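The values are calculated or read from the model by the stated rules, or taken from the named source; none is laboratory data. Quick caveat, the model's predicted, so the values are computed rather than measured. With ideal geometry, Cβ positions are generated from the backbone for all residues, glycine too; neighbour counts draw on all protein chains shown. These area figures cover heavy atoms from the full protein model, side chains too; ligands, DNA and RNA do not enter into them. Shrake-Rupley method; radii C 1.70, N 1.55, O 1.52, S 1.80 Å.
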Amino acid sequence: MSIRVMIVDDQDLLRMGLAMVLAAESDMVVVGEAADGETAVERAMALQPDVILMDVRMPALDGIEATRRIVADRQDARVIILTTFDLDEYAFGGLNAGASGFLLKDAPPAELLAAVRAVATGEAIVSPRITRRMLDLYGGKLPVAGSEATSAQLAALTQRERQVLVAVGEGLSNPEIASRLFLSESTVKTHVGRILSKLDLRDRVQAVILAHREGLV
């Protein structure tokens, strides 16, 4: 089954380039495009894409607010924020809005495709280096559970779940975690789901942030 992707950017040439890269893949299909945030929200509701590539700075409605509205309507929406700079505070704002990560606009095609596939399966696209920088700059503003609740909830994790959480915090994918811990990918996926539930986290992005904030990584 193809991954349904929507591209949102106010630059026509960029949308065209992204669409060409995605359309060349047998497991992906571009179901729609938008040049501003308001149109993006409308089309996301109508088209129900699996993954949305979202620009930050756009007319009418920026990508952060558009992401917030889309995720509020669809909790399973997967949004990748597109940014020019890897330390763009607006991109960080996208994580607060519910994005599954962010990607540089000049990322190689292979990295873009890997990101779309990863996010479509519930992964997060936030590198350990960027996470560390985010915590340095915005620590207390990033969206994770309160510190008291977090400490108690962390204590409830099994040893294996803590190992998986550390690996998630290091930026490892499910296959990489499976290889490191000698588990099947389905078992890793189950552990990640239990970790998110026990720690009351929305998604893998929050797990990455929490792992760094709590000093597990």
- Look at the stretch 22-46 and say how many of its residues are touching a strand residue (DSSP E or B) at 6+ places or on another chain (Cβ under 9 Å) and within 16 Å of residue 109 (Cα to Cα). 7
- Check on residue 154, modelled with pLDDT of 85 or more, open to solvent by less than 40 Å² (accessible area, probe 1.4 Å) and in a helix (DSSP H, G or I): yes
- Look through the stretch 169-207, keep the residues that are charged (D, E, K, R) and more than 29 Å from residue 72 (Cβ to Cβ), and return whichever of them is least open to solvent (accessible area, probe 1.4 Å). 170
- Note on the structure: Taking the stretch 177-217 and keeping only residues that are aliphatic (A, V, I, L, M) and without any contact (Cβ under 8 Å) to a residue 24 or more places away in the chain, one is left with 177, 178, 181, 183, 196
- Query: Where in the stretch 1-99 are the helices (runs of 4 or more DSSP H), entirely inside, with at least 3 residues that are open to solvent by 70 Å² or more (accessible area, probe 1.4 Å)?
  - Reply: 12-23, 37-47, 63-73
